[in-house]
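Everything on this sheet refers to the single structure shown next.
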Amino acid sequence: MTSRWGCPGVEVVCRTRGWAWKAYGAYYAEAAPSATLFTAKAVNEVPAATENEYDGLGRVTAAKSLKFGDEQWRTTMQYGGDRATVIPPKGGTATTTVTDARGRTTELGSGAGLGDRFGHAAWRAGVVMTVSNSTGVSRPSEACLRRR
């Protein structure tokens, strides 16, 4: 009789550049405990896995959720100059983040257009202090209120 042993945590498979290509969720190994490392031989042997696709700069362009090797859904990321857009599976809301030359978020948006805009002059010590929406209405940011 073979016992079922749970594998704690996850298993991550990396490409040659060290980018996480596949990550397996916890799964049961059909083997007795031993000093030898057990790894899944194929993605269709585990109930839950994530598989990433990358562009030439090492940025994730797609994150696929797999169930026994079959794609269930995917989240797509698009990059263009100063902005990054995350397109979730059906039913989710796409979000776009615009950053300045220092990598600070200057605009956040969801749906069809950008919503909240952060003014460049509103930054202090790396924290955004004011937020203004697309209609120009300005308010203190949550980080600013916490500092008071």
**Request:** Determine which member of the set K41, K67 is surrounded by 13 or more Cβ atoms within 10 Å (Cβ to Cβ) and of a type in the set (D, E, K, R).
**Result:** K67
**Message:** So for region 89-104 (the condition being at pLDDT 90 or above, assigned to a strand (DSSP E or B) and within 14 Å of the chain's Cα centre (by Cα)), does at least one residue qualify?
**Reply:** no
**Asked** Out of curiosity, is G56 modelled with pLDDT under 75, loosely packed, with under 10 Cβ neighbours inside 10 Å and closer than 29 Å to T76 by Cα?
**Response** no
**Complete:** Exactly one of A101, A84, A42, A94 is closer than 17 Å to A20 by Cα and aliphatic (A, V, I, L, M), and that one is A42
**Request:** Quick one: count up the residues across region 25-45 that are out of contact with any Asp or Glu (no Cβ under 8 Å at 6 or more places or on another chain) and either assigned to a loop (DSSP other than H, G, I, E, B) or closer than 26 Å to A84 by Cβ (or both).
**Result:** 13
**Message:** R148 - would you say it is at pLDDT below 60, among the basic types (K, R) and over 30 Å from A31 (Cβ atoms)?
**Reply:** yes
**Item:** Output for region 70-88, where each listed residue is farther than 19 Å from Y24 by Cα, out of contact with any Ser or Thr (no Cβ under 6 Å at 6 or more places or on another chain) and either assigned to a strand (DSSP E or B) or among the β-branched types (V, I, T) (or both)
**Value:** T76, Y79, G80
**Residue list for region 46-63, restricted to those being of a type in the set (A, V, I, L, M, F, W, C) and assigned to a strand (DSSP E or B)** = A49, V60, A62, A63
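The values are calculated or read from the model by the stated rules, or taken from the named source; none is laboratory data. None of these values were measured; they are calculated from a predicted model. With ideal geometry, Cβ positions are generated from the backbone for all residues, glycine too; neighbour counts draw on all protein chains shown.
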